[in-house]
Amino acid sequence: MEYISTRGNVGKIGFIDAFLMGLADDGGLLVPNEIPAVSAEKLKQWQNLSYQELVLEIFSLYTNDEIPQEDLKQLVNDSYATFRDPQVTPVRKLKDGLFLLELFHGPTFAFKDIALQFMGQLYTYVSKKLNKKIHILGATSGDTGASAIQGVRGKEGIKICILHPNGKVSKVQELQMTTVQDENVLNLSVEGNFDDCQRIIKDLFADLDFKSNNHLCAINSINFVRIMAQTVYYFYSYFQVVKETGVEQPLNFSVPTGNFGDIFAGYLAKRMGLPVNKLILATNENNILERFIHEGVYKPGDFRTTYSPSMDIQVASNFERYLYYVLGEDAAQIRELMDSFKRNGEIVIGGEALALVQAEFAAHGVQGQECLDTITKYKAETGYLLDPHSACGVSATEVRSGQGEVTVSLATAHPAKFNEAIELCGIEQEFPEQIASLFNKPQRQTMVDGSQEEIVRELVKFYNA
């Protein structure tokens, strides 16, 4: 297994080099040069594995034995040892035909923990093995930052800086990042929105001299290891639903998404051989991706602040990976499209390519009141409390799932992380102790304007301290 860029100007590289490169040096995104195929026979062999055992099987398809098997096993076990459920990502039945994949049992109560706890362990491993300084730089719409910080806080040889949009994450998300006092952690609270933060991150990674001189490594889903780790729970949940229903059939997966990373992991799982019917893309009022699925037009609009802030994203960083595959792995065409997008602010596809998109995906943009109504409805009817992102996923299943189909909807966060929306539903919830204790801790963050120059100054000062 070797890795190449969607834009075609990075030679084939190995797994660890791809992990450390993060964003491809030509500005594209790294992908495997060949998607591994998993046979029906192999799926049967995997169906009774524990989550950790399944991780090892899937990772082994991508890592080229660059990490000795015993070391990889230790990394995996350490990554998931802190999860509160022994299944790591358990599946709950909400009603006939609808299952909920709970992805919030990690240390920061969000789905980002699944990949980022492993990436934290892997960065620590690589830093020690290669005697290499690692400076992690990332942007967050709320959950990535807390999870990434949790994965590497206090680790020798590693520093981490996270940009988050000031006032545009939930209070709990902010506290999970800014109450961490370890000296190897810097939180920059940026005036602007997540797209502004993400654009600055991409620009800094595209500056190859700055990237090299400052030992930059990526934690966002521009890093393929994020995607690789997230494919596992698609396979795992499929096996759990088959056991529950006793029927082997392709499943729908409904995925709350803003950056296209989590749903791209589902697409990758399908390409590997997982029996998937439709991937249902659930967005909120920032519904650029919904319009793309329906019309083939990818064009950012006016940014909206919503009840599901982790999805308040207009420019999805993983979208380029999907374009690469749906347009026939044509790197020259991707270069041209992304250059055009930078100039004109839109991408348009049609014909056979759009037909293929619509064969693989469905989409629904969940409006604010619809999100709150879904939370209220399912609490009343089932006793289950959905966070607003998970509610968008469930709401989309009601609109886009066909008669007789079975759907797994991804529950991406614990409701305690988004109490602002829960209170609007007239629901009082009890916070887990780990979250309740955050409100009594001092915060540490640096306020910056949205200029790249000021952010660079803070980064250089932090990295050289």
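The values are calculated or read from the model by the stated rules, or taken from the named source; none is laboratory data. All figures in this text were calculated on a predicted structure; none of them were measured in a lab. FYI the Cβ positions are ideal-geometry reconstructions off the backbone, even for glycines, and counts take in every protein chain you see.
Of the residues making up region 180-216, those that are small (Gly, Ala, Ser) and over 17 Å from MET447 (Cα atoms) are ALA206, SER212. As a summary of the residue check, SER221 satisfies the conditions (1) in contact (Cβ under 8 Å) with a residue 40 or more places away in the chain; (2) touching a strand residue (DSSP E or B) at 6+ places or on another chain (Cβ under 8 Å); (3) of a type in the set (Gly, Ala, Ser) except for the one numbered (2).
Could you list all residues from region 377-407 that are surrounded by 17 or more Cβ atoms within 10 Å (Cβ to Cβ), modelled with pLDDT of 95 or more and assigned to a helix (DSSP H, G or I)? Once the filter is applied, which keeps residues that are surrounded by 17 or more Cβ atoms within 10 Å (Cβ to Cβ), modelled with pLDDT of 95 or more and assigned to a helix (DSSP H, G or I), region 377-407 yields TYR378, LYS379, PRO388, HIS389, SER390, ALA391, CYS392, GLY393, VAL394, SER395, ALA396, THR397. Scanning region 157-198 for residues that are farther than 20 Å from ILE134 by Cα and assigned to a helix (DSSP H, G or I) yields LYS171, VAL172, GLN173, GLU174, LEU175, GLN176, THR178, PHE194, ASP195, ASP196, CYS197. Applying the criterion of being part of a loop (DSSP other than H, G, I, E, B) and touching a residue at least 40 places away in the same chain (Cβ under 8 Å) to the residues of region 432-456, the residue that is surrounded by the fewest Cβ atoms within 10 Å (Cβ to Cβ) is PRO442. On inspection, LEU103 passes the criterion of being crowded, with 19+ Cβ neighbours inside 10 Å, under 29 Å from GLU398 (Cα atoms), of a type in the set (A, V, I, L, M) and touching a strand residue (DSSP E or B) at 6+ places or on another chain (Cβ under 8 Å).
When GLN230, GLN240 are checked against the criterion of being modelled with pLDDT of 95 or more, of a type in the set (S, T, N, Q) and under 14 Å from PHE111 (Cα atoms), a single residue qualifies: GLN230. Would you mind stating whether LYS278 is assigned to a helix (DSSP H, G or I) and modelled with pLDDT of 95 or more? Answer is no for this residue.
The set of residues in region 195-233 that are within 14 Å of the chain's Cα centre (by Cα) and more than 24 Å from ASP17 (Cβ to Cβ) contains only TYR233. Under the condition of being more than 23 Å from ALA282 (Cβ to Cβ), free of Cβ contacts under 8 Å to residues at least 24 places away in the same chain, assigned to a helix (DSSP H, G or I) and more than 24 Å from the chain's Cα centre (by Cα), the residues counted in region 314-355 number 8.
Considering region 123-146 alone, what residues qualify as being surrounded by 24 or more Cβ atoms within 10 Å (Cβ to Cβ) and either of a type outside the set (S, T, N, Q) or closer than 16 Å to VAL76 by Cα (or both)? Residues satisfying the conditions are TYR123, ILE136, LEU137, GLY138, ALA139, GLY142, ASP143, GLY145, ALA146. Check whether at least one residue in region 198-217 is buried (at least 23 other Cβ atoms within 10 Å of the Cβ) and of a type in the set (S, T, N, Q), and report yes or no. Yes, some residue in region 198-217 is buried (at least 23 other Cβ atoms within 10 Å of the Cβ) and of a type in the set (S, T, N, Q). Scan region 9-25 for residues that are modelled with pLDDT of 95 or more, more than 19 Å from SER60 (Cβ to Cβ) and surrounded by fewer than 18 Cβ atoms within 10 Å (Cβ to Cβ) and the total you get is 1. Quick check: is even one residue across region 420-431 outside any strand (DSSP E or B), surrounded by 13 or more Cβ atoms within 10 Å (Cβ to Cβ), on the phi < 0 side of the Ramachandran plot and touching a strand residue (DSSP E or B) at 6+ places or on another chain (Cβ under 8 Å)? There is no residue in region 420-431 that is outside any strand (DSSP E or B), surrounded by 13 or more Cβ atoms within 10 Å (Cβ to Cβ), on the phi < 0 side of the Ramachandran plot and touching a strand residue (DSSP E or B) at 6+ places or on another chain (Cβ under 8 Å). Of the residues in region 242-249, not one is in contact with a strand residue (DSSP E or B) (Cβ under 9 Å, 6 or more places away or on another chain), surrounded by 21 or more Cβ atoms within 10 Å (Cβ to Cβ) and touching a residue at least 24 places away in the same chain (Cβ under 8 Å). Taken over region 362-378, the criterion of being without any contact (Cβ under 8 Å) to a residue 60 or more places away in the chain and not hydroxyl-bearing (Ser, Thr, Tyr) is satisfied by GLN369, GLU370, ASP373, ILE375, LYS377.
In region 287-313, of all residues being assigned to a loop (DSSP other than H, G, I, E, B) and among the hydrophobic types (A, V, I, L, M, F, W, C), the one that is surrounded by the most Cβ atoms within 10 Å (Cβ to Cβ) corresponds to ILE313.
Being among the β-branched types (Val, Ile, Thr) and farther than 29 Å from LEU188 by Cβ holds for only one residue in VAL366, VAL460, VAL456, VAL448, and it is VAL366. Would you mind stating whether THR283 is touching a Ser or Thr at 6+ places or on another chain (Cβ under 8 Å), farther than 24 Å from GLN198 by Cα and among the polar types (S, T, N, Q)? Considered against the rule, which asks whether it is touching a Ser or Thr at 6+ places or on another chain (Cβ under 8 Å), farther than 24 Å from GLN198 by Cα and among the polar types (S, T, N, Q), THR283 comes out as no.
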